[in-house]
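Worksheet: one structure, shown below.
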Amino acid sequence: MLAREARLTEVLEAMAAAVPSREPALLRAFREALTQRQVFQAAALVPDLERAAMLEDAYAILREARRELTDSEEIRALTGTLAPLATQARARREALGQLDARRTSIRFAYAKRPPVLDFESGDLHRIFLAALRLEGLLLALDLSQHPRPLLQLGPPLPAGVGGEVEWGEAVFRLSPGDAGPLLARLVLRLPEGLVLHHWEEQPAYATAVAELADSAEWTWRCPPEGLEAARSRVLAFLAADCFPWDRSGKVGGQKQEKSVDLRPLVTAMDWEDACLRITTPMQAFGATNPLKALGAILGLAPEAIHGLVRSRLQLRADPRLAQGERFEPKLRNLYEDAVMLSGGSNITIIEDEDDEPMRLG
């Protein structure tokens, strides 16, 4: 765990050094001031950050930097200034967010190959966040207490497992522009082993890939010395009506060993020479660690299995894309109402403070 975290830090630092940062100058200056412990210099940027609508971004940078900074009166003062301003900015965003026609939703596909196989989905999330930030792309934020960027990766892959068609989804505050030049820049920015190969705009109401995943295909090349035993174990598994698998999990809210029938979680297994192909239904298999499941079938420890790859993810058709009219009129009507009430309309809003309160009952 510590070794993986150290390597992730190295990767993030290498990404920042590989190509000059395109992050907005104000946020970069604020970040650098905190890194150099120039808190007064960072505080002086707050008015400019407010005018640029970047207060929430700055507050997120401050919260992250505080883990490394020594607590001081200056840090507490900056936090006391930024926190309420960021809260107000979030409230404004919550009130007007549905009217923001500039936001753009993107779905992208990528491959996870050596030498980044030892990273899990959370690590990849941090890598993609850093890559997009360094390319100057501002992600939209959610509405949680501490807003997070709207970036999510598809069905997760554990450390040690590769993927050829993995999915991610991001919502940008502004259109990222032409995909061609952006993908070329991201190729230079991302670490070796992460390869973007698809990028397209999606309607804001599109269903997340994780909800559309229907089945997955996996491939694993068996070492020659273990091929005979592996073939025998696979035949036995396919012939079984039930294949109990004892694994740790939560039972009644308590973590303990529980037995799962692995047979329904694997719908097909076949060999092509020494390559084993496996098909799993995503609804049932979902959060199951594929290394542990394959290890149970083959009688091997998960750490002894190398080279497992999710080669394909079958997606169901998105029903929302055929029902766009259910979403678009609402957004259009909200926008039209806002325009009418903000000016250019002959509607007069009357506020009568003398009205008696209504009493019920």
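For segment 1-33, how many residues meet the condition of being closer than 30 Å to Ala44 by Cβ, touching a residue at least 24 places away in the same chain (Cβ under 8 Å) and not hydrophobic (A, V, I, L, M, F, W, C)?
Summing the residues that are closer than 30 Å to Ala44 by Cβ, touching a residue at least 24 places away in the same chain (Cβ under 8 Å) and not hydrophobic (A, V, I, L, M, F, W, C) in segment 1-33 gives 5.
Let's see how each residue does on (1) aromatic (Phe, Trp, Tyr); (2) outside the structural domain of Phe30 (by TED's automatic domain parsing); (3) touching a helix residue (DSSP H, G or I) at 6+ places or on another chain (Cβ under 7 Å):
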position: Arg51; (1), (2), (3): no, no, no
position: Leu55; (1), (2), (3): no, no, yes
position: Ala60; (1), (2), (3): no, no, no
position: Thr79; (1), (2), (3): no, no, yes
position: Leu82; (1), (2), (3): no, no, yes
position: Ala89; (1), (2), (3): no, no, yes
position: Ala109; (1), (2), (3): no, yes, no
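If the requirement is being modelled with pLDDT under 95, within 21 Å of His146 (Cβ to Cβ) and part of a helix (DSSP H, G or I), which of these qualifies: Arg126, Arg93?
Arg93
Yes/no per residue for (1) modelled with pLDDT under 95; (2) crowded, with 18+ Cβ neighbours inside 10 Å; (3) within 30 Å of Val209 (Cα to Cα):
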{"residue": "Glu32", "(1), (2), (3)": "no, no, no"}
{"residue": "Ala65", "(1), (2), (3)": "yes, yes, no"}
{"residue": "Thr79", "(1), (2), (3)": "no, no, no"}
{"residue": "Gln98", "(1), (2), (3)": "yes, no, yes"}
{"residue": "Arg102", "(1), (2), (3)": "yes, no, yes"}
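Would you confirm, using the coordinates I've provided, whether Glu217 is charged (D, E, K, R), in a strand (DSSP E or B) and buried (at least 17 other Cβ atoms within 10 Å of the Cβ)?
yes
State all residues of segment 157-181 that are part of a loop (DSSP other than H, G, I, E, B) and in contact (Cβ under 8 Å) with a residue 60 or more places away in the chain; if no residue qualifies, say none.
Matches in segment 157-181: Leu157, Pro158, Ala159, Gly160, Val161, Arg173, Leu174, Ser175, Pro176.
Could you tell me which numbered condition Leu157 fails, if it satisfies all but one of (1) over 12 Å from the mean Cα position of the chain (by Cα); (2) more than 27 Å from Ser215 (Cβ to Cβ)?
Evaluating Leu157 over (1) over 12 Å from the mean Cα position of the chain (by Cα); (2) more than 27 Å from Ser215 (Cβ to Cβ) leaves (2) as the failure.
Please verify whether segment 70-81 includes one or more residues that are assigned to a loop (DSSP other than H, G, I, E, B) and under 24 Å from Arg28 (Cβ atoms).
yes
The values are calculated or read from the model by the stated rules, or taken from the named source; none is laboratory data. For clarity, every value in this text was computed on a predicted model and none was experimentally measured. FYI the Cβ positions are ideal-geometry reconstructions off the backbone, even for glycines, and counts take in every protein chain you see.
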